[in-house]
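Reviewing the structure listed below.
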Amino acid sequence: MGGIFILSAPSGTGKSTVAGKLLQQVEGLRRVVTATTREPRPGERDGVDYIFMSREEFERGIKEGRFLEYAEVYGNYYGTLRDQVERNIKENVDSLLVIDVQGAFRVKEVFPEAVSVFLLPPSLEELKRRMIARGYRDSNAEVRLEMAKKEIPCARFFDYVIINDFVDKAVDQLRSIILASRCERGKVFRNLKSFMIGDDILSLLEGGECYVKKA
């Protein structure tokens, strides 16, 4: 626990929907709420959907080093506040960062052990349909679609790639990645004493000899 999981996707792919369903299914996983300077949309809650900040406040945070990563997208700042991630690590809770490609690369520079997942739309036609269904006008959808064409090739640099053709399937795949990552050997052996295993097993794992001699 205390790991970092990054979920990135082109705008309109459905990463927020996937993330919301995932958080309902995986214990010990906490979403890191993104800070932004854009105006709240109807129904959005400050501190829950986004942390809404003025441009002046955001830029002051940049100067003070408060952001783990940030970028200006479509005329607004978006960023991940460093203290949220640090708090989760201290509390031994996994962090879920739902951020764009630029942010994902920056976080991987700071935390190379972070697990990055790219969510792909099944087609550009379907992506445009989803954008329009979300309320983007044709002109806005076209701008975002052109940006998606630049972001999609970045998928080859992520640890995992999931195609979001069906939401529940995508959630299941992402859930499997997170649960499998928690069982990675290095993570388990670094935290042996936090697991419910007997002292006899613990002593064998820490100091026992494997009977098979590796070449």
Net charge near T36, counting Lys/Arg +1 and Asp/Glu -1 over other residues with Cβ under 12 Å of its Cβ?
-4
Net charge of neighbours whose Cβ lies under 13 Å from the Cβ of F118, counting Lys and Arg as +1 and Asp and Glu as -1
0
Out of segment 48-156, which chymotrypsin sites (Phe, Trp or Tyr not before Pro) are coil in DSSP terms and have no more than 14 other C-beta atoms within 10 Å?
Y74
Exposed-site-free run, longest, the chain (rule: trypsin sites (Lys or Arg not before Pro); DSSP loop; at most 10 other C-beta within 10 Å)
46-136
Whole-Hz ³J(HN,Hα) from phi, Karplus 6.51 cos²θ - 1.76 cosθ + 1.60, for segment 203-208, glycine and proline x:
5, 5, 5, 7, x, x
Looking at [x] 10.3; [y] 15.0; [z] 11.2, which value of mean projected area of the Cα convex hull in nm² comes from a calculation on the structure shown?
[y]
Neighbourhood net charge (13 Å Cβ-Cβ; Lys/Arg +1, Asp/Glu -1) for F5
+3
Please compare each pair in K21/K214; K15/K90; K21/K90; K108/K169; K108/K128 to a cut-off of 32 Å on the Cα-Cα distance and tell me which ones are over it.
K21/K214
Once you keep just the Cα pairs under 8 angstrom separated by 6 or more residues, what percentage relative contact order results for segment 1-61?
23
From phi via Karplus (6.51, -1.76, 1.60), per-residue ³J(HN,Hα) for segment 22-31 in Hz, x at Gly/Pro:
4, 4, 6, 10, 10, 6, x, 10, 10, 6
Would you mind calculating the relative contact order of the chain from Cα pairs under 8 angstrom and at least 6 residues apart, reporting the percent as a whole number?
28
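A short reminder: the numbers here are calculations on the coordinates, not readings from a lab. The structure displayed is predicted, hence computed values, not measured ones. Quick reminder, even Gly has a Cβ in these numbers, built from the backbone with ideal geometry, and neighbours come from all protein chains shown.
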